Amino acid sequence: MEENNSTFLLNWLDEWTFRKRENIYEYHQFHKYPATFIPELVDKIINLYSKKGDTVLDIFSGSGTSLLEAMLLERKSIGIELNPLACLISKVKTTPIEGVDFKKEKQSLIDSIKNNKYNIVNFEKIDFWFQEEAIIELSNILGSINSIKHESFKKLALVSLSDIIRYVSFCKHSGFKMHKDQKKLEKKFKKNEIFDLFIDKLNNNINYIIHINNKIKNINATIPLIINYDSRKISDSIKKESIDLII
């Protein structure tokens, strides 16, 4: 009996290591973000400690891993996050885009980037973090994105641009703190290289949104409420006794 209990416990513990995971859930590759949840871990916790229709609260929701998993598991969810970029990533990541011709919008954006010249972005020490050609091309892409009329597609494009900016800068690509990577000083990003990186990322994110649209079409999914707020304070957006599970 004792041996059976030990075996059960070891098997149960092994389940939580996720060593047998076949791959990372593809729809969490939307935008790089430090210290993200393992999607399978969130999925397991939500399934164990809540039921469909319950409300899940993540008080440090980051880029929205738990919010997306809650939505896919047919739970309501609320995320509190102080970082405005993380809030934008979460909102775009968990909001289906309907009534848009992705192919047409993308081609219009490509034409704008290639044919227009927008004002160069400037801020203190910009040349410390970016080489000149990168500044020019990133500014042009940003100007073209800001001219997009469809608000949801604009946000999708902005998040796609955000995900490549650190890569084409002199900043270390891993981690969250801003440190200059001496190894990247020798790398010279060309205009067409930056353009290709952006379009590749945009294509991936468009496919992601289409995938999510199809995935939630036949389930009772609720779009998460994302609050840009300090988790140490109580938000008026959260009613008393309205939360079933806190992550």
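No lab work stands behind these numbers, since they all come straight from the coordinates. This structure is a prediction, so every number in the text was calculated from the model and none was measured. As a convention, Cβ positions derive from the backbone with ideal geometry for all residues, glycine included, and neighbour counts pool all protein chains shown.
Each peptide in 46-54, 87-95 was scored by the mean count of other Cβ atoms within 10 Å over its residues; highest first, the order is 87-95, 46-54.
Which of the helices in the chain, when you take each full DSSP H run, stretch at least 18 Å along the axis at their Cα atoms and have an average Kyte-Doolittle score of 0.5 or higher?
Details: long enough: 2-15 (20 Å, -0.91); 102-115 (19 Å, -1.11); 132-146 (21 Å, 0.53); 151-165 (21 Å, 0.80); 191-216 (38 Å, -0.25).
Membrane-span-like by this criterion, though nothing is claimed about a membrane: 132-146, 151-165.
Using the Cα centre as the reference, give the magnitude of the dipole from point charges on the C-beta atoms of the stretch 105-192 (Lys, Arg: +1; Asp, Glu: -1; all else neutral), rounded to the nearest 20 debye.
240 debye
Toward the positive end of the charge dipole of the chain, with +1 on the Cβ of Lys and Arg and -1 on the Cβ of Asp and Glu, the farthest Cα among Met71, Ile238, Leu82 is that of Leu82. The base-10 log of I(q)/I(0) for the chain, evaluated at q = 0.15 Å⁻¹, reads -1.13 [Debye formula, identical scatterers on Cα atoms, solvent excluded].
If you take every DSSP beta bridge fully contained in the chain, what fraction is antiparallel? Give it as a percent rounded to 5. Please report the intermediate quantities before stating the final value.
Details: 1 of 11 bridges.
Counting only bridges with both partners in the chain, antiparallel ones make up about 10 percent.
Output needed for the stretch 168-247: three equivalent-ellipsoid semi-axes, defined as square roots of 5 times the C-alpha gyration tensor eigenvalues, in descending order, whole Å. Write down the numbers at each step before the final one.
Values: eigenvalues 282, 114, 17 Å².
In descending order, the three semi-axes are 38, 24, 9 Å.
Dividing the alpha-carbon Rg of the stretch 79-211 by 2.2 N^0.38 Å yields what? List each step's numbers first, then the result.
On the way: Rg = 15.2 Å, N = 133, 2.2 N^0.38 = 14.1 Å.
Ratio of Cα Rg to 2.2 N^0.38 Å: 1.08.
Length, then width, then depth: along the principal axes, the Cα atoms of the stretch 113-179 run 36, 23, 19 Å. Between His150 and Ser242, the distance separating the two model label sites (each 7 Å from Cα on the Cα→Cβ line) works out to 3.2 nm.
What you get for the chain, charging only the Cβ of Lys and Arg (+1) and of Asp and Glu (-1), is a dipole of about 680 debye around the Cα centre.
Between Lys180 and Asn122, the modelled label-to-label distance comes to 2.1 nm, taking each label 7 Å out from Cα in the direction of the beta carbon. Rounded to the nearest 20 debye, the dipole size of the stretch 129-247 about its Cα centre is 180 debye, using +1 on the Cβ of Lys and Arg and -1 on the Cβ of Asp and Glu.
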